[in-house]
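Enquirer: I have a structure I would like to understand better, so I am pasting it below and will then ask my questions one at a time.
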Amino acid sequence: MGYFNEALSEKIVNGRIGNSVDSRVREIAESLVRHLHAFAKDVSLTQQEWEYAIDYLTRTGQICSNERQEFILLSDVLGFSMLVDALSNRLPPGATESTVFGPFYVANAPIREMGDNISLDGKGEACLFSGRILDTAGCPVVGACVDVWSDNADGFYDVQQPDIQPKWNNRGRFITASDGIYRFRGIKPVSYPIPDDGPVGQLLESLGRHPYRPAHMHYMITAPGYRRLVTHTFVSGDDYLDSDTVFGVKESLISRYKKVSRDGVIWHSEFDFILAREGE
Ligand code: BEZ
Ligand code: FE
């Protein structure tokens with residue numbers, strides 16, 4: 001291949017990959033180098049800009065901790081997480097669409113009884129969430145685990161405020177019976193800014209973008225024999241539906257919140273989830 005030169009840069013770098021390298025590793029590495037070199041040539045990247053990028057990525061890594069994953073946040077605001085989600089979740093017609101997982105999931109939330117209240121801090125407007133877990137033929141899914149989480153009325157998840165909010169505030173798991181019905185109380189979620197005091201916040205600022213997500217309830221639904229569904233329902237009418245900073249909104253996931261004012265509950269969000277079978 002000869003020594004490095006601008007015109008053949010990509011071919012020269014990829015030409016060094018060994019013969020016995022795993023074919024998927026080769027495919028990914030070659031494509032990455034191809035696009036990275038094309039990108040630098042496209043914008044005629046300067047040395048100074050390269051140094052800025054290295055410093056930016058260094059700061060992104062340095063702010064990461066067990067509680068904070070700035071690289072995922074970066075992927076989210078670049079629409080990359082939603083793209084990977086779309087590529088990985090091509091579902092059969094009728095199945096409920098997926099959306100971004102987000103950084104605030106906590107495994108092993110308490111298993112609660114149907115109808116229980118997940119809001120433990122007494123804040124916010126009480127809301128009933130209910131619906132059915134169905135398969136694509138419309139039959140109820142028995143034994144589905146409906147794992148839910150949301151922010152509190154101040155726009156923070158419990159893990160963001162461990163000294164302020166009760167542990168497991170606005171979280172819980174519900175297991176469906178033979179009717180496939182789920183039912184729980186919580187609060188009407190509110191829109192909130194993603195953590196914007198680090199490199200991702202600086203990027204949003206420099207691009208003239210806001211850091212807000214429209215109000216949503218998170219769901220992860222699993223059942224034996226079915227594909228795991230990671231999704232949200234969004235609150236209809238929210239100001240940020242058209243400009244979610246992580247591009248998570250899908251029309252089919254917008255839920256109408258009905259005002260009911262009954263049994264201490266102010267709102268009702270009814271939503272059926274349709275699971276795809278494994279291999280479907
Ligand atoms: C969330 O909805 O919890 C979330 C998703 C992506 C980035 C930040 C937060
Ligand atoms: Fe969220």
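The values are calculated or read from the model by the stated rules, or taken from the named source; none is laboratory data. Owing to the predicted nature of the structure, the values given are computational and were not obtained by experimental measurement. All Cβ positions, even for glycine, are placed from backbone atoms using ideal geometry, and neighbour counts span all protein chains on display. The accessibility values were calculated without ligands, DNA or RNA, using every heavy atom of the protein model including side chains. Shrake-Rupley method; radii C 1.70, N 1.55, O 1.52, S 1.80 Å.
Enquirer: What Kirkwood hydrodynamic radius, in Å, does segment 1-65 give when the mean of 1/r is taken over all pairs of distinct Cα atoms and then inverted?
Expert: Kirkwood hydrodynamic radius for segment 1-65: 13.9 Å.
Enquirer: Where both partners of a DSSP beta bridge lie in the chain, what percent of those bridges are antiparallel, to the nearest 5?
Expert: Values: 31 of 42 bridges.
Among the beta bridges of the chain, antiparallel pairing accounts for roughly 75 percent.
Enquirer: Quick check: the distance between the Cα centres of segment 242-268 and segment 148-188, to the nearest angstrom?
Expert: So the separation of the two Cα centres works out to 15 Å.
Enquirer: Would you mind counting up the charge near Thr96? Only other residues with Cβ under 15 Å from its Cβ, with Lys and Arg at +1 and Asp and Glu at -1.
Expert: On the way: positive: Arg90, Arg132, Arg227, Arg228, Lys250, Arg277; negative: Asp85, Glu97, Asp135, Asp147, Glu251, Glu270, Asp272, Glu280.
Neighbourhood net charge equals -2.
Enquirer: Once label points are set 7 Å from the Cα along Cα→Cβ at both Arg256 and Val106, what is their separation, rounded to one decimal in nm?
Expert: With each label point 7 Å from Cα toward Cβ, the separation is 3.5 nm.
Enquirer: Give me the accessible area per residue for segment 3-85, probe 1.4 Å, as a whole number in Å².
Expert: So segment 3-85 comes to 75 Å² accessible per residue, rounded to a whole number.
Enquirer: Right, another one. Take the chain, connect every pair of alpha-carbon atoms lying under 10 Å apart with a spring to form a Gaussian network, then pick out the residue of Ala223, Ala126, Ala53 with the largest mean-square fluctuation.
Expert: Among Ala223, Ala126, Ala53, the largest GNM mean-square fluctuation belongs to Ala53.
Enquirer: If the chain between Ser88 and Ser178 were fully stretched, how many nm would it gain, using 0.36 nm times the residue separation less the Cα-Cα distance?
Expert: Values: separation 90, 0.36 × 90 = 32.40 nm, distance 2.97 nm.
Result: 29.4 nm gained on full extension.
Enquirer: Can you give me the % of accessible surface on the chain that is carbon or sulfur? Probe 1.4 Å, all protein chains present, nothing else counted.
Expert: Carbon-and-sulfur percentage of accessible area, whole number: 54.
Enquirer: Could you pull out which residues in segment 22-44 have an amide N less than 19 Å from a spot 7 Å beyond the Cα of Ile12, following the Cα-Cβ vector?
Expert: Flagged as within label range: 30-44.
Enquirer: Further, regarding this structure: Mind checking which of His268, His218, His35 has the largest fluctuation in a GNM of the chain, springs on alpha carbons under 10 Å?
Expert: Taking springs between Cα atoms under 10 Å, the residue moving most is His35.
Enquirer: Right, next: Compute the convex hull volume of the Cα atoms of segment 32-158, divide it by the residue count, and report the result per residue in Å³ as a whole number.
Expert: Spelled out: Cα convex hull of segment 32-158, divided by residues, is 188 Å³.
Enquirer: Now for a different question. Taking the Cα atoms of the chain, what is the range of coordinates along each of the three principal axes, in descending order and whole Å?
Expert: Reported extents, whole Å, longest axis first: 76, 41, 31.
Enquirer: Excluding Ala86 itself, calculate the net charge of residues whose Cβ lies under 14 Å from the Cβ of Ala86, where each Lys or Arg counts +1 and each Asp or Glu counts -1.
Expert: So the environment of Ala86 carries a net charge of -1.
Enquirer: Any idea how many Lys pairs in the chain come in under 24 angstrom at the alpha carbon, given 8 or more places apart or on separate chains?
Expert: Here the count comes out as 11.
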